[in-house]
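All remarks here apply to the structure that follows.
The values are calculated or read from the model by the stated rules, or taken from the named source; none is laboratory data. As the structure is a prediction and not an experimental result, all values here were calculated from the model. Every residue, glycine as well, gets a Cβ built from its backbone with ideal geometry; the counts of neighbours run over all protein chains shown.
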Amino acid sequence: MSDVRDQELWNKSLQGDADAFGEIFERHARSVYNYLFRRCGDWATAEDLTSIVFLEAWRKRGKVNLSHGSALPFLLGMATNVLRNRRRSERRYQSALRRMPLAAESLENEPDLLERLAAEDQMRRVLKVFSQLPRREQDVVSLCLYVGLSYEEAAAALDLPVGTVRSRLSRGRQRLRELLSAEGHNTLADENEREGQEVIS
Amino acid sequence: MSDNLSLPEERGLPGSRLTERKEHLLSEISRRQEHRPLVRRPLVRGAALAVGLAVVALVVLSVVNVFGPGGPTLVEKAAAALALPDANQILHLKIRISVVDSNGTSTSYEEEGWQLLSTPYPSRTIGEVPGKSGSRVEMATAGPSLELYDPAKNTIYSGGLQSPSPNQEQQPTSNGSAQTGANGTAQGTAAFLLPMGYKTALQQIVDALLGPGKSGVEQEVTVNGRAVVRFTGKDPGGANLLYLADASTYNPIEFQSVETVKPGLNASTTIDFLTYEKLPATAANLALLSLAGQHPGATVDNDPQHFAEALTTLVGSAPAPSAHIRTSKSRTP
């Protein structure tokens, strides 16, 4: 991914160039979509929230400077805010979402439907444990461990000091280990710790 | 439960959905660029009321300051009273909503709500079901969940994470009833949803009040022996708007939107502010925001299916006001 390219597209978007913003959507929609899915556990909801995130990002595009030249931390921060204020966001964009054509209901259109349903089931089990973390730790842990943002990128996304991100991540991971241990599961904590060590060095 | 709690693989949007979503995004952007209004459209209308108190739409179009230049204008003072910057306070509202629909049918119901004016803005509402005089439904937000209290069973039902089926629309029904999704979870909510939007709704009113290009009339009058400031104007759809604020505090008293359906028949929505106050966020007052705080001995049921069933039982299919406050010319913000 070219961070310079993101910045160029963003600058054009600031001038009202919707096509440039559409390219940003194409570049980052998948990341936002999966982040939202891993926070809410439902693909359809994640899809609608993805639209809301980008509509919000367009609305607020003039109020942000891209950190690190990439739009992704900002978009994920926006996604976190949309999740936090989900019902308000959904109400704001209720009419817009109504204008979104419904997907045709056909297994031919969605050959991996069964796998998606299994993923939802799996994600809900994860969320049952994950949701026991304080909200602010959930935000940091999910950005750093689910998505792989660096401390600095997560700090930019959440508009927090880097030190705060570090401490919340540390507490969140510790709590997660305790929760998983209490549930008799330690695979997730071990896997994410290994991933975290690769990303956060 | 599997011993492996690893995260599921990442996936792209299915089929052609990425393209469809992009086209939808660009379409919405284009729509907003074409229809950028000078004034936010009014929020109060029958359909909007059907989704709860977030539609306290006090679009006041007054900019005429009959009291001369210098200092804040009346509209600025009225706007300041509605502005709710983040603070360690709790907004307490009690309102009566009276609707006359396009058929001349009248409906009236009351709602009372509390909302913390700092993130995450938890809230609690007690409301009448429109059309069911004397009914009382109590709901609250709890993190990402919606909670409902059933007094008959002394039980708090938590809606949990909502999982609407992709086969079904995700909006409340026009009659205000709760829909349940294919997996039994609640989709949409009742006509008198939680006042999560108080802060947002009143901020939108502030935005509308302070926006450019509006016209209207303001004057100080006496209503029932009380000194009030009266603002009148029209919304972009042509409905006549009336807003009354207390002349000393500028707190809201009444908002009304009236639309002529046909000669001799008006549709209207009137919101009377029976209570509008900000409470300190003491421990006792914070308990006003939660169902557990109000019903400490209640059983807590986190099953989304039970939540949906309780919502249907307590709310049912109550008819919601159907007044058309806005015309087809009204615009989407």
Task: Filtered residue count, segment A:1-43, keeping only those that are over 19 Å from A:Val147 (Cβ atoms) and β-branched (Val, Ile, Thr) - done: 1
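Report whether or not B:Glu259 is in contact with a strand residue (DSSP E or B) (Cβ under 9 Å, 6 or more places away or on another chain), over 14 Å from B:Val100 (Cβ atoms), crowded, with 18+ Cβ neighbours inside 10 Å and of a type in the set (D, E, K, R). Spell out how you get there, then give the answer.
Working: in contact with a strand residue (DSSP E or B) (Cβ under 9 Å, 6 or more places away or on another chain): yes; over 14 Å from B:Val100 (Cβ atoms): no; crowded, with 18+ Cβ neighbours inside 10 Å: yes; of a type in the set (D, E, K, R): yes.
Considered against the rule, which asks whether it is in contact with a strand residue (DSSP E or B) (Cβ under 9 Å, 6 or more places away or on another chain), over 14 Å from B:Val100 (Cβ atoms), crowded, with 18+ Cβ neighbours inside 10 Å and of a type in the set (D, E, K, R), B:Glu259 comes out as no.
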TODO: May I ask you to verify whether A:Phe25 is in contact with a Lys or Arg (Cβ under 7 Å, 6 or more places away or on another chain) and either free of Cβ contacts under 8 Å to residues at least 60 places away in the same chain or away from every other protein chain (no Cβ under 13 Å) (or both)?
DONE: yes
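If you take the residues of segment B:246-277 that are part of a loop (DSSP other than H, G, I, E, B) and among the polar types (S, T, N, Q), which of them is farthest from B:Ala78 (Cα to Cα)? Break it down into steps so the answer makes sense when it comes.
Just the residues of segment B:246-277 that are part of a loop (DSSP other than H, G, I, E, B), to begin with: B:247-251, B:263-264.
Filter once more, keeping what is among the polar types (S, T, N, Q): B:248-249, B:251.
Details: B:Ser248: 10, B:Thr249: 9, B:Asn251: 7 Å.
The residue in question is B:Ser248.
Answer with yes or no whether B:Asp86 is at the interface with another protein chain (Cβ under 9 Å from one of its Cβ atoms), surrounded by fewer than 16 Cβ atoms within 10 Å (Cβ to Cβ), at pLDDT below 85 and assigned to a loop (DSSP other than H, G, I, E, B). So that I can check it myself, show each step before the final result.
Details: at the interface with another protein chain (Cβ under 9 Å from one of its Cβ atoms): no; surrounded by fewer than 16 Cβ atoms within 10 Å (Cβ to Cβ): yes; at pLDDT below 85: yes; assigned to a loop (DSSP other than H, G, I, E, B): yes.
Considered against the rule, which asks whether it is at the interface with another protein chain (Cβ under 9 Å from one of its Cβ atoms), surrounded by fewer than 16 Cβ atoms within 10 Å (Cβ to Cβ), at pLDDT below 85 and assigned to a loop (DSSP other than H, G, I, E, B), B:Asp86 comes out as no.
Please go through segment B:248-269 and pick out each residue that is among the polar types (S, T, N, Q) and either at pLDDT 85 or above or over 17 Å from the mean Cα position of the chain (by Cα) (or both).
Of everything in segment B:248-269, those that are among the polar types (S, T, N, Q) and either at pLDDT 85 or above or over 17 Å from the mean Cα position of the chain (by Cα) (or both) turn out to be B:Ser248, B:Thr249, B:Asn251, B:Thr260, B:Asn266, B:Ser268.
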TODO: Pull up segment B:270-312, narrow it to residues that are within 22 Å of B:Val137 (Cα to Cα) and among the hydroxyl-bearing types (Ser, Thr, Tyr), then point me to the one that is farthest from the chain's Cα centre (by Cα).
DONE: B:Thr299
TODO: Considering each of A:Ala103, A:Ala118 in turn, give the residue that is at the interface with another protein chain (Cβ under 9 Å from one of its Cβ atoms) and modelled with pLDDT of 85 or more.
DONE: A:Ala118
Open item on the list: It is to be established whether one or more residues within segment A:152-165 are over 24 Å from A:His28 (Cα atoms), part of a helix (DSSP H, G or I) and more than 9 Å from every other protein chain (Cβ to nearest Cβ).
Closed with: yes
